[in-house]
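The values are calculated or read from the model by the stated rules, or taken from the named source; none is laboratory data. Fair warning: this is a prediction, and the values are worked out from it, not measured in the lab. Here Cβ is always computed from backbone atoms with ideal geometry, including for glycine, and neighbour counts include all displayed protein chains. Ligands, DNA and RNA are stripped out before the accessible areas are found, and what is left, the full protein with its side chains, is counted by its heavy atoms. Shrake-Rupley method; radii C 1.70, N 1.55, O 1.52, S 1.80 Å.
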Amino acid sequence: MELDFLSAHMRNPPLIFRGIISSLYPVPKTCLMLCPNKPQLRNISLFPSVRFNCFSCAALQTIEPNSPSVENPKLQYSFGSKRLSKGLKYGAKERFLILNKKKGVKWYSEMLKDYATKLCLKEGKALHGEIIRSCIETDSHLWVSLINFYSKCGDLVMAGNVFDLIPERDVVSWTALIAGFIAQGYGSKGICLFRDMRGEGVRPNEFTLATVLKGCSMCLDLEFGKQLHAEVVKVAGFSDIYVGSALVDLYAKCCELESAVNVFFSMPEQNSVSWNALLNGYVQAGQGEEALRLFSKMSDSEMRFNNYTLSTILKGCASSPNLRAGQVIHSLLVKIGCELDDFTSCSLVDMYNKCGLQDDALKVFLRTKNPDTVAWTAMISGLDQQGQKREAVQLFCLMRHSGLRPNQFTLASLISAAADSVDLICCKSIHACVYKFGFDSEECVSNALIAMYMKFGSAFDGHRVFSSMSNRDIISWNSLLSGFHDNETSYEGPRIFRNLLVEGLRPNMYTFISNLRSCASLLDATLGKQVHAHIVKANLGGNKYVGTALIDMYAKCGHLDDAEVIFYRLSEKDIFTWTVVITGYVQSDQGEKAFRCFNQMQREAIKPNEFTLASCLRGCSGIASLDNGQQLHSLVIKSGQFNDMYVASALIDMYAKCGCINNAESLFKSVGSCDTVLWNTIIFAYSQHGLDDKALEAFRTMLSEGNLPDRITFIGVLSACSHLGLVKEGRRHFDSMKVVFGITPLIEHYACMVDILGRAGKFDDMEHFIEGMELAPNALIWETVLGVCKAHGNVELAEKAANILFEIDPTAESSYILLSNIYAIKGRWADVSKVRALMSRQGIKKEPGCSWVKIDNQVHVFLSQDASHPRLKDIHKKLEELASKITAAGYIPNTNYALHNVSDKEKIDNLSHHSERLALAFSLMSSNRNSTVRIFKNLCICRDCHQFMKLASIVTNREIVIRDINRFHHFSLGMCSCKDYW
């Protein structure tokens, strides 16, 4: 039968009945609808005519108890021809209360309260239906009970519908609805409802104010919270301890600690809630020490603290970190019997981990009777943060064996640990574990996965995780950017940065640092300047971390002037900033500036770390500054940094490049354990100083000790084979690179093999080798061929190589000079003139040969035929005196190496005034008789000067060390360490 609903159920049905109908059908009225994200108000008209086929007055039935002995008979509804059975049962006492309507209202309220406590939404709705059927007269207490029930069970739509049906809404009903929304996490909606309440002229009570202040704390709405503070003062609600505690909590969570303290100490009395709120505010603000001082006052006030208070203080001890205070709190927990409580044990584990006492953290963890997921996560996270990555992974395995299910934070910490400790296969198994537990959509887990893959260089997998994310925050983009810093993938960094900006995200300092690193790898200063502009717009130009990245980018791109400007503008410079600018000078061959910067850093009382010292030592190597290098060596010893592999390697390299191979060798032998970099350093040092047998012996020792060689190692080994003329051994080492060690040869290795074959005079084999190269021959190969041709006087092959070089790089000075010298040695002066004319047409000028020595911390530079030195007469006099002794010892000038078309007398005069001879004479005049003479030269020493130096070492009884463009020559007792190898 079809009936009009309104006329079928009398003219004025109970309001609660209308509320139920409005929840089942779109009842036209202003009612509260709950969207997926937050509740909203929707306006609809009031009760239109609705017809129902399935609902009639006859459908309402009364409770029919089966028998007095049955405690809870079933409540039944009839909808047309259907009967629905509800599982609500009542005992004899309850049936009596239902019959007695006066007492029935109270009973319904108590039952609704019970269902709200147990979160029994289904049963509570059934009871609500019975209230409708019983046509009971509803009082304000029952209305509030219904709102509380639906709110606590999470059905805010029904709570709002019930609230809308209340005929006279007072402050209690408003507060009940507001509290319901705030309890479910809708702080902003709670504030909106409070505004509506005030708009209807309802004055709040203390409980309303405390509740709404909690909502302000939840959504960090400080401005509205301050307005409520004024309301509190107006209604004299400040004396209420709960209102005062809520105000303290609001100001503390919004980092207004001064206001929180003022409110706290203005309260007539404080309870543990207000103390805990203020303590937590200090801890959240990172002011652990202030929290400890406040806790001391709390103890003095004889206020009883609970495990929540002590847990909060433990967080402050962890953030400080203050181990001693944390241990005191631990003793208090033992005293009050809360040590093994799950809540406090997690805080203890976290405190000990952050204070670096993983063993103590583990002891607390193991003493916890039934550690939950949070406790396991705290322990795993602590091990990860302290660098014990493998232990963190092992602990996760134990957690799984215990049967506990990890949460997203457990997996995020595990992924972070696995990224630094295990292989990629294990990391992928952890990724599978993430899918198994259904956390693949969690942002923190996905971000950790992206960072993990990027650390392993698996950019494709990292990008795949990134692409699968539905919601990406700035951390997601930063994690992705972190994988595109190396030379092969750096071009992706700027593209990702552009996409990030297109998405409307605001980059932070980590975004800029990653992008600047990509620009530095690309050596793209133009792109780096565009990023710099974004940094200025974001007001991060003064940030020391961003500034350090900018300095690094400009320095690597060769824009040292820009790097200096940024460096001196930074108001705060830490050791990393200084190290970056020092490294920039070193990489730009400005060793003297690097050392001056290092001295300035020390004057500002900043202690160098191992990277600073290593960079400065590299700078000393570049300018062969032995004095500065020795000062740094003493500093290394004082600071205890010698055991660092980078520092030890830089020290050995410094002594080797300053000509002190014996010191370099002694240092190498004093190092306890050597890595590949250290072995490479000593192998190259031996090779540069003509100790090629020792270089090969070092390589054999390196292999026997289980150290694997790399590409750099084989360049040193092949160079040694070339110097010794070991063709077969050189070929064997070259072949072993790919076959034995899986190393693909680079063009430098091919050049070494070309040199080995060419120096041995095997020109046919050399040409066949070049034709069969897997890599296309480039300028380095043909420069090597040209050098070999000069050593053997092979003019025909030299011309072929030179013509190829002229096509590859017409502006390369060395190609013209080498060919010109080959012609000059053969006496083909017409061809020399042609080459010189070709150079002139190309605008190429020959770099003048020069030599320099350092006497009393002052560098003296000499050019060939130099007439600028203030002590030139004394130098010439000393040189003539030395030449007469050497001539008496058997020296005969070899005019073939005077590469000018002049008379023999002029050639002899030119040879006698080469720059290295002038430097030798000055050194003999100015240095200690027993000291080693150290001369540095920008070009290769000629054969005639080489013979002159050998004899000079006899007549002066001094060791003479000359570093030319190719190697070191140690002249002693008429012999040279190079064994006459050019």
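Among the residues of segment 932-966, which ones are within 50 Å of the chain's Cα centre (by Cα), surrounded by 20 or more Cβ atoms within 10 Å (Cβ to Cβ) and either more than 18 Å from Pro848 (Cα to Cα) or without any contact (Cβ under 8 Å) to a residue 40 or more places away in the chain (or both)?
Val933, Arg934, Ile941, Ile960, Val961, Asp964, listed by residue number.
For a quick check of your reading of the model, give me the residue pairs whose first member lies in segment 731-751 and is over 14 Å from Ser719 (Cα atoms) and without any contact (Cβ under 8 Å) to a residue 12 or more places away in the chain, whose second is assigned to a helix (DSSP H, G or I) and not small (Gly, Ala, Ser), with beta-carbon atoms closer than 8 Å and at least 6 apart or on different chains.
Final answer for the pair search is Thr744/Met737; Thr744/Lys738.
Please give the number of the condition Ser840 fails out of (1) open to solvent by less than 80 Å² (accessible area, probe 1.4 Å); (2) without any contact (Cβ under 8 Å) to a residue 12 or more places away in the chain; (3) small (Gly, Ala, Ser).
Result: Ser840 fails condition (1) only.
Restricting to segment 696-710, and then to whatever is open to solvent by 40 Å² or more (accessible area, probe 1.4 Å) and assigned to a helix (DSSP H, G or I), can you tell me which residue is nearest to Val739 (Cα to Cα)?
Leu703
Determine which single condition Ala801 fails, assuming it passes every other condition in (1) surrounded by 17 or more Cβ atoms within 10 Å (Cβ to Cβ); (2) within 21 Å of Leu691 (Cα to Cα); (3) not β-branched (Val, Ile, Thr).
Every listed condition holds for Ala801 apart from (2).
One residue is enough: does segment 379-389 have a residue meeting the conditions basic (Lys, Arg), in contact with an Asp or Glu (Cβ under 9 Å, 6 or more places away or on another chain) and at pLDDT 80 or above?
yes
Please give the number of the condition Thr676 fails out of (1) in contact with an Asp or Glu (Cβ under 6 Å, 6 or more places away or on another chain); (2) within 23 Å of Asn966 (Cα to Cα).
Failed condition: (2).
How many residues are part of a helix (DSSP H, G or I) and open to solvent by 40 Å² or more (accessible area, probe 1.4 Å) when one looks only at segment 584-615?
Qualifying residue count, segment 584-615: 10.
Provide a single number: the residues in segment 851-890 that are open to solvent by 60 Å² or more (accessible area, probe 1.4 Å) and under 60 Å from the mean Cα position of the chain (by Cα).
13
How many residues does segment 385-413 contain that are touching a Gly at 6+ places or on another chain (Cβ under 9 Å) and not in a helix (DSSP H, G or I)?
2
Taking Glu847 as the residue in question, decide whether it is without any contact (Cβ under 8 Å) to a residue 12 or more places away in the chain, surrounded by fewer than 19 Cβ atoms within 10 Å (Cβ to Cβ) and acidic (Asp, Glu).
no
Out of everything in segment 350-378 that is of a type in the set (Val, Ile, Thr) and out of contact with any His (no Cβ under 9 Å at 6 or more places or on another chain), what residue ends up being most open to solvent (accessible area, probe 1.4 Å)?
Checked segment 350-378; the qualifying residue most open to solvent (accessible area, probe 1.4 Å) is Val374.
If we keep just the residues of segment 568-579 that are over 22 Å from the mean Cα position of the chain (by Cα) and assigned to a helix (DSSP H, G or I), which is farthest from Glu610 (Cα to Cα)?
Here the answer is Arg569.
Just checking, which of Lys556, Lys544, Lys529, Lys537 is within 19 Å of the chain's Cα centre (by Cα) and among the basic types (Lys, Arg)?
Lys544
I need the full set of residues from segment 230-276 which are surrounded by fewer than 18 Cβ atoms within 10 Å (Cβ to Cβ), of a type in the set (S, T, N, Q) and under 18 Å from Leu294 (Cα atoms), in order please.
Those that are surrounded by fewer than 18 Cβ atoms within 10 Å (Cβ to Cβ), of a type in the set (S, T, N, Q) and under 18 Å from Leu294 (Cα atoms): Asn262, Ser266, Asn271, Ser272.
When you scan segment 658-685, how many residues do you find that are under 20 Å from His633 (Cβ atoms) and aromatic (Phe, Trp, Tyr)?
2
When segment 174-229 is examined, which residues are found to be of a type in the set (D, E, K, R), over 18 Å from Ile147 (Cα atoms) and within 42 Å of the chain's Cα centre (by Cα)?
Across segment 174-229, the qualifying residues are Lys214, Asp221, Glu223, Lys226.
In this structure, is Glu488 modelled with pLDDT under 90 and either buried (at least 20 other Cβ atoms within 10 Å of the Cβ) or over 23 Å from Gly558 (Cα atoms) (or both)?
It is false that Glu488 is modelled with pLDDT under 90 and either buried (at least 20 other Cβ atoms within 10 Å of the Cβ) or over 23 Å from Gly558 (Cα atoms) (or both).
Would you pick out the residues in segment 130-168 that are out of contact with any strand residue (DSSP E or B) (no Cβ under 8 Å at 6 or more places or on another chain), open to solvent by 30 Å² or more (accessible area, probe 1.4 Å) and part of a helix (DSSP H, G or I)?
Within segment 130-168, Ser140, His141, Asn148, Lys152 meet the criteria.
Gly225 - would you say it is among the small types (Gly, Ala, Ser) and surrounded by fewer than 20 Cβ atoms within 10 Å (Cβ to Cβ)?
no
Between a first residue in segment 437-456 that is within 17 Å of Asp420 (Cβ to Cβ) and at pLDDT below 85 and a second residue that is open to solvent by 50 Å² or more (accessible area, probe 1.4 Å) and among the charged types (D, E, K, R), which pairs have beta carbons less than 9 Å apart while being 6 or more apart in sequence or on different chains?
Here the result reads Phe456/Asp423, each pair linking segment 437-456 to a residue that is open to solvent by 50 Å² or more (accessible area, probe 1.4 Å) and among the charged types (D, E, K, R).
Do the conditions hold for Thr511, that is, is it more than 29 Å from Arg618 (Cα to Cα), out of contact with any Cys (no Cβ under 7 Å at 6 or more places or on another chain) and of a type in the set (Ser, Thr, Tyr)?
yes
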